[in-house]
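The values are calculated or read from the model by the stated rules, or taken from the named source; none is laboratory data. Just so it is clear, the structure is predicted and the values come from calculations on it, not from any experiment. Please note: Cβ atoms are built from the backbone with ideal geometry, for glycine as well, and neighbour counts cover all protein chains shown.
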Amino acid sequence: RSLNVRQKGSQHRIDTHIIRKDGSIIPVDIAVSVLTSSDGTITGSIGIIKDISERVKLQKLKDDFVDIVTHELRTPVSIAKEGVAQLIEGLHGPVTVDQKEMLELVSRAMLRLLRIVSDLLDVSKIESRKTVLNKESVDVAELIKEVMATFRARAEKKNLKLLFGSGKTIEAMVDREKMVQVLTNLIGNAIKFTERGSVSIAVEIKEPYVQFSVEDTGPGIAAEDLPKLFSKFEQFGKKDGHAEKGSGLGLVISQGIIELHGGRIFAESQLGKGTRFTFTVLKD
Ligand code: ADP
């Protein structure tokens, strides 16, 4: 009976503050479960109030740390990158082929560092719920085409077919820039990990959602790795030292953005066959 009651109950959580007798304010997490019996009558409720001051303090420390690190890293690295770019262009005198090669290596490494810093900042913002969406009506089919265009050359270089079925207009209320970020991450991964075959993208309306999928014929992801896909810094089956190595944060960011749009993301994969990422966002 108690199991039955629990299952039928509904749960609510709130982050708020309470005032102690001595007047001090402490942050708390209140979880309230309304219990309903199988015939629908409310039979009671359970509330748990948890003091989360330590968690809040830690979160603030972490946010400050990320803010400082990202800011302090971004500026000097950007300056260094500009300097190297000038050297490569020969603005400071002629460079030999060897030197140029080395400078280009440095330039790529710095670009990667900047990308990691920007990913870290994105994750931190999502985790501290500071990410805000600028929603507007967007034709997502058109958006997919725009993102695909940025990958055309890379796909051609690897002899991969880049496919997209729908030509219809599909309007959705989304944050354009953030949707580009998600699509770029998923399509980019698919192209990065796939050596032969194709990357196919699809989109369809599934009221109240719009559902997207990105499917590749790449190496696939082992069943035991699938649950870890959306965790920070996870990278699997990697040939190390690869220039295209990412931060392992892309999917975490994508998931955060999708959840802010009221949707979810999941992956299906078969080793040796390929992977399909599917995600939804609320249409309106
Ligand atoms: P990154 O690509 O920057 O390493 P992501 O969070 O985007 O980070 O991806 C995490 C890991 O998931 C990748 O390093 C890779 O091991 C695996 N992965 C993601 N997409 C695919 C895919 N399409 N095929 C195979 N493995 C993938």
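Numbers for the structure displayed
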quantity	calculated
Any pair with Cβ under 9 angstrom, 6 or more apart, that starts in the stretch 200-216 at a residue that is of a type in the set (S, T, N, Q) and ends at one that is more than 16 Å from the ligand (Cβ to nearest atom) and part of a strand (DSSP E or B)	SER200/PHE164; GLN211/VAL203; GLN211/GLU204; GLN211/ILE205; GLN211/THR280; GLN211/VAL281; SER213/VAL203; SER213/GLU204
Answer from LEU271, LEU251, LEU229, LEU183 - the residue that is in contact (Cβ under 8 Å) with a residue 24 or more places away in the chain and away from the ligand (no atom under 12 Å from the Cβ)	LEU183
Residue within the stretch 188-198 that is within 24 Å of GLU142 (Cβ to Cβ), modelled with pLDDT of 95 or more, in contact with a helix residue (DSSP H, G or I) (Cβ under 7 Å, 6 or more places away or on another chain) and of a type in the set (A, V, I, L, M, F, W, C) present	yes
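Yes/no per residue for (1) at positive phi; (2) in contact with a strand residue (DSSP E or B) (Cβ under 8 Å, 6 or more places away or on another chain); (3) part of a helix (DSSP H, G or I); (4) of a type in the set (Val, Ile, Thr):
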residue: THR131; (1), (2), (3), (4): no, no, no, yes
residue: GLU136; (1), (2), (3), (4): no, yes, no, no
residue: LEU143; (1), (2), (3), (4): no, no, yes, no
residue: VAL147; (1), (2), (3), (4): no, no, yes, yes
residue: ASN159; (1), (2), (3), (4): yes, no, no, no
residue: THR169; (1), (2), (3), (4): no, yes, no, yes
residue: MET173; (1), (2), (3), (4): no, yes, no, no
residue: GLU177; (1), (2), (3), (4): no, no, yes, no
residue: LEU186; (1), (2), (3), (4): no, yes, yes, no
